[in-house]
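Remarks on the structure that follows.
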Amino acid sequence: MMTRIRNLVMLLFTFILFSCNGDDNNNSVDSSSVLIKKIQTTWIERYMYLSSEPGTGNPLPVYADADIIAEYTYEEHKLEKIDYKASFSNYSNGISSSSSSMFWQFTYTDDLITKVETYYNDDAPHLQYTFEFEYDEQKRLINFTEEGSYEGPTSYSVSYSNNTVLVSDLPYAGQETLFTYSGNNLQSYEEDWAYMVYEYDNKNSPFKNITGFSNASLGFLIMHNRLTANGQSSSLCTQWSMNSPFNNLKKKNQIYKLDESTVYSLNVIYNSYNNMNYPINVYESSVENPSYSESIIEYYE
């Protein structure tokens, strides 16, 4: 079970890291000196994983509360490392508590992020995943590779046409995801059975000024989809903090293709911004379940 919890914590930190998409009609005040310093998230009754009911073996979802802290360090505006600490409590299956820590190490080539290594740090650091990014001459992502410590590498190729981006899962022929953009915004992405539609505010994302972050943002989305496909996604954590670093996610709807019904809907409220239009208090809730999260954000200025 500890391995399962660690995988879920990995996804949790993925969501905390990868932030909010952009808008061409951005009226926010820009300050290039602002860098995110810390995100502290309180998480109530979030789905953790699927267990089995004692005696019957029927599927039993497990929920828990959590407190998560992510701290960011830089060399100038290049992201060097993110340290994460998480504590979990009030498990619905009777587990009293658990905790985990990990860190992410970033490697740049010039001003582009070319590698992210993730380490669990509970006893001693050990490598969990390595993500590598390759770009074309226009500094667009063209290849993304993921390798876990217990499995072989998986690669994705990326092709561009006007405002759409097609991502092909190379190990599995025919598995493709179509991303559609409006300016800098990820407007939607489409898979075989469903598609996602996004809405944003016109304020600054906390991750806006990190060197190379916008170039790598599609790779971060692929990373999330990869973890989801491996069964490691449980919608545990803040979803406002994913996508790309321009503006802030306000709403996300997952729509079932067969009958156009809404499968999942997320609402995000930005309770307050600082004087440069960066969010400092964020509340996230889902229409389909009672779980919610609240995040407090601190910045270097």
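Taken together, the values in this text are just the output of simple stated rules run on the coordinates, not laboratory data. Treat the numbers as computed from the prediction; the structure is a model and nothing was measured. Cβ coordinates were reconstructed from backbone atoms using ideal geometry, including for glycine residues, and neighbour counts include every protein chain displayed.
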| said: Being surrounded by fewer than 21 Cβ atoms within 10 Å (Cβ to Cβ) and at positive phi is the filter here; which residues of the range 167-220 pass it? | reply: Gly174, Gly183
| task | Determine which member of the set Thr130, Thr164, Thr107 is buried (at least 16 other Cβ atoms within 10 Å of the Cβ) and either farther than 30 Å from Pro54 by Cα or touching a residue at least 12 places away in the same chain (Cβ under 8 Å) (or both). | result | Thr130
